[in-house]
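The values are calculated or read from the model by the stated rules, or taken from the named source; none is laboratory data. Quick caveat, the model's predicted, so the values are computed rather than measured. Note: ideal-geometry Cβ built from the backbone for every residue, glycine included; neighbour counts use all protein chains shown. SASA here: full protein model, heavy atoms, side chains in, ligands and nucleic acids out. Shrake-Rupley method; radii C 1.70, N 1.55, O 1.52, S 1.80 Å.
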Amino acid sequence: MKLSKRLTQLLDKIPPGSRLADIGSDHALLPVAAVESGAAIQAIAGEVNPGPYEAALKQVMESGMKDVISVRRGDGLDVLSAGEADVITVAGMGGGLITSILNRGIDKLAGVRRLVLQPNVGEDILRKWLYSHHWVLVEEFILEEDGKIYEVLVAEPAEATELTNEQVYTERVIGDSGVRLSTNWLLRMGPWLTQSPNSVFHDKWSSEMEKMDHILQSLSRSDLTTAADKASEIQSDIAFIQEVLACLPKDKL
């Protein structure tokens, strides 16, 4: 089965022999590929919408894997019982929605040893949730596919890894110019991405600055004091991001 670059990145982060739950599974491509490759010995494909749910059922039937892949219709982690999965993947949603799914099903995370998450937007929201709920971000990746930029976050329970959140998010100085990345900025930009930046990372933050510029233009047409304060904050953020990008190489892998 030919997977997209994005799904291949998720598949690569599923440890061999896992019991996988893929939430928002769409056509169940990831569970099927995971079982085929040996990354998963069994899988659950969860989907809340009827169309994708039917597509997932069809995909699993055609793959001949209905005995090891269970396709279930339900909202988020409602499709799981506690202890059924040790790896959970959630991809193709906003970071806010993914955190909502994790919050509502937090009791289902007992026994889960890895989360592999791919938010479309709001990566910082998800990093903050992981941090505050004692999940350690052990890896993260950024990639471009079909003109879109994706980030993949890999997290493990704090008690299951020697790495600590304090180590991951320790404030640090980058480059020779003395630019200091605070914990808040590491949560925003990515602690591992800022250590191993590439051209896609630069493209992402250049695009973010363009969005900020558009917001500034809108704020400039307002007479509200709050608008002026917000504009000042955004201008400061843009200046800082420019400094960060100037300190970081584009081609480091």
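Here is a check on your reading of the model: is I14 in a loop (DSSP other than H, G, I, E, B), open to solvent by less than 30 Å² (accessible area, probe 1.4 Å) and either of a type in the set (S, T, Y) or within 26 Å of I125 (Cα to Cα) (or both)? Don't jump to the end; show me each part of the working.
Values: in a loop (DSSP other than H, G, I, E, B): yes; open to solvent by less than 30 Å² (accessible area, probe 1.4 Å): yes; either of a type in the set (S, T, Y) or within 26 Å of I125 (Cα to Cα) (or both): yes.
In short, yes.
Can you name the condition, by its number, that A239 falls short on among (1) open to solvent by 30 Å² or more (accessible area, probe 1.4 Å); (2) modelled with pLDDT under 95; (3) within 20 Å of G190 (Cα to Cα)?
Every listed condition holds for A239 apart from (2).
Checking Q42 against (1) out of contact with any His (no Cβ under 6 Å at 6 or more places or on another chain); (2) assigned to a helix (DSSP H, G or I); (3) open to solvent by 10 Å² or more (accessible area, probe 1.4 Å), which test does it fail?
(2)
If the Cβ limit is 9 Å and pairs must be 6+ apart or interchain, which residue in region 196-207 that is within 17 Å of E139 (Cα to Cα) pairs with which residue that is open to solvent by less than 30 Å² (accessible area, probe 1.4 Å) and part of a loop (DSSP other than H, G, I, E, B)?
From region 196-207, the pairs are P197/L248; F201/G190; F201/L193; F201/T194; F201/L248.
How about region 155-190: which of its residues are open to solvent by less than 30 Å² (accessible area, probe 1.4 Å), in contact (Cβ under 8 Å) with a residue 60 or more places away in the chain and part of a loop (DSSP other than H, G, I, E, B)?
Within region 155-190, G190 is the sole residue that qualifies.
Would you pick out the residues in region 53-79 that are at negative phi, part of a helix (DSSP H, G or I) and either of a type in the set (G, A, S) or modelled with pLDDT under 95 (or both)?
Scanning region 53-79 gives A55, A56, S63.
Filter region 98-112 down to the residues that are within 11 Å of the chain's Cα centre (by Cα) and within 17 Å of D22 (Cβ to Cβ) and list them by number.
Selection gives I98 alone.
For region 49-93: of the residues being more than 20 Å from the chain's Cα centre (by Cα) and within 28 Å of E144 (Cβ to Cβ), which is surrounded by the fewest Cβ atoms within 10 Å (Cβ to Cβ)?
G51
If I filter region 194-208 for residues that are on the phi > 0 side of the Ramachandran plot and either small (G, A, S) or in contact with a Phe, Trp or Tyr (Cβ under 8 Å, 6 or more places away or on another chain) (or both), do I get at least one hit?
Of the residues in region 194-208, the ones on the phi > 0 side of the Ramachandran plot are none.
Taking every residue of region 194-208 in turn, none turns out to be on the phi > 0 side of the Ramachandran plot and either small (G, A, S) or in contact with a Phe, Trp or Tyr (Cβ under 8 Å, 6 or more places away or on another chain) (or both).
Restricting to region 12-57, and then to whatever is touching a residue at least 40 places away in the same chain (Cβ under 8 Å) and hydroxyl-bearing (S, T, Y), can you tell me which residue is nearest to R114 (Cα to Cα)?
S18
So which of G105, G76, G92 is touching a helix residue (DSSP H, G or I) at 6+ places or on another chain (Cβ under 7 Å) and touching a residue at least 40 places away in the same chain (Cβ under 8 Å)?
So the residue among G105, G76, G92 that is touching a helix residue (DSSP H, G or I) at 6+ places or on another chain (Cβ under 7 Å) and touching a residue at least 40 places away in the same chain (Cβ under 8 Å) is G76.
Please go through region 108-123 and pick out each residue that is touching a residue at least 40 places away in the same chain (Cβ under 8 Å) and of a type in the set (D, E, K, R).
Within region 108-123, R113, R114, E123 meet the criteria.
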